[in-house]
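Peer 1: Take this structure first; my questions come after.
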Amino acid sequence: MTSEDFVPAQLRRLWGISEPARLGRPAALDVNLVVAAAVEIADRDGLGGVTLPKVAKSLGFTSMSLYRHVGSKDELLTLMADSALGPPPDMDTAGWREGLRSWAFAQRAVFQRRPWLTHVPTSGPPSGPNQIAWMEAALAIMSRTRLDWAHKVGVLSLISGYVVQSVRQHSELAEGRADGQGQADAERDYGRALVRLVDPERFPETARLFSSALFEAPPPGTPDATVADADFSLGLELILDGVTVRIEPGDS
């Protein structure tokens, strides 16, 4: 019995471990071709546009042909997510905080290019080679700290979850805005409308919020990317502030 006998077929495909060779002509279709076609469809039509019949048709095969290479639609999504994520960039930074910040922004950039990634169902912990590479990058950054393994995994999960939720929320809000309306304009209009509706006696703190200058800034015309970056940075810094509490002074 070989070591591969202990690795499920789905994980072997995810890691690119070839199945035993069969006699006859080489297969005209393989896992990489199937995944690449599915990712191309998702980039064009979103995750909802990916179906096995559509992927098969784009490759000139029948749907049944795909099942020789991917066991199910769920497995295809897992393969797509790891492939589309790609490997992390080089993040050789001086301190753990700067490193985790760079890690979060780098992952966010991938999800912004491919927002459909934030809608791929999570069926388990990271298991693909690219997901593991991102995990390795974060763990390497935190190796400079005295955090134990449980805290390192907790920090990694918290930051990656924040990145996914932030990109998903920004994408969904953008889809819900009127054509031509930017995020800054939408936030300003939201604040001005709610300040007229929220009763200060019933919701005193919320009324104070909408009466503040928060929703009036930044000024009209500010690029959405600038607003989104500021919002993302604020939440990320709050998370990193919490991590700092767990790290002895001098670790950074």
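Peer 1: What residue, among those in the stretch 174-220 that are assigned to a helix (DSSP H, G or I) and at pLDDT 85 or above, is farthest from Arg113 (Cα to Cα)?
Peer 2: Pro204
Peer 1: For the stretch 3-35: of the residues being open to solvent by less than 80 Å² (accessible area, probe 1.4 Å), of a type outside the set (A, V, I, L, M, F, W, C) and outside any helix (DSSP H, G or I), which is modelled with the lowest pLDDT?
Peer 2: Gly24
Peer 1: Follow-up question, since we're still on this one. Within the stretch 227-251, which residues are at pLDDT below 75 and loosely packed, with under 14 Cβ neighbours inside 10 Å?
Peer 2: Within the stretch 227-251, Glu248, Pro249, Gly250 meet the criteria.
Peer 1: If you check Ala38 against the conditions, is it open to solvent by less than 10 Å² (accessible area, probe 1.4 Å) and touching a helix residue (DSSP H, G or I) at 6+ places or on another chain (Cβ under 7 Å)?
Peer 2: Yes: the conditions hold for Ala38.
Peer 1: Failed condition for Ser171, given (1) without any contact (Cβ under 8 Å) to a residue 40 or more places away in the chain; (2) in a helix (DSSP H, G or I); (3) open to solvent by less than 70 Å² (accessible area, probe 1.4 Å); (4) of a type outside the set (Val, Ile, Thr), with all others met?
Peer 2: Only one criterion is unmet by Ser171, namely (1).
Peer 1: Kindly provide the set of residues from the stretch 141-162 that are open to solvent by less than 30 Å² (accessible area, probe 1.4 Å), part of a helix (DSSP H, G or I) and in contact (Cβ under 8 Å) with a residue 60 or more places away in the chain, ordered by number.
Peer 2: If the condition is that a residue be open to solvent by less than 30 Å² (accessible area, probe 1.4 Å), part of a helix (DSSP H, G or I) and in contact (Cβ under 8 Å) with a residue 60 or more places away in the chain, then Val155, Ile159 are the ones that fit.
Peer 1: When you go through (1) touching a helix residue (DSSP H, G or I) at 6+ places or on another chain (Cβ under 8 Å); (2) at pLDDT below 80; (3) closer than 27 Å to Met80 by Cα one by one for Pro121, which number turns out not to apply?
Peer 2: In the conditions (1) touching a helix residue (DSSP H, G or I) at 6+ places or on another chain (Cβ under 8 Å); (2) at pLDDT below 80; (3) closer than 27 Å to Met80 by Cα, Pro121 misses (2) alone.
The values are calculated or read from the model by the stated rules, or taken from the named source; none is laboratory data. No experiment lies behind these values; they were computed from the predicted model shown. Here the Cβ is made from the backbone with ideal geometry for all residues, glycine too, and neighbour counts use every protein chain on show. Surface areas here come from the heavy atoms of the whole protein model, side chains and all, with no ligands, DNA or RNA. Shrake-Rupley method; radii C 1.70, N 1.55, O 1.52, S 1.80 Å.
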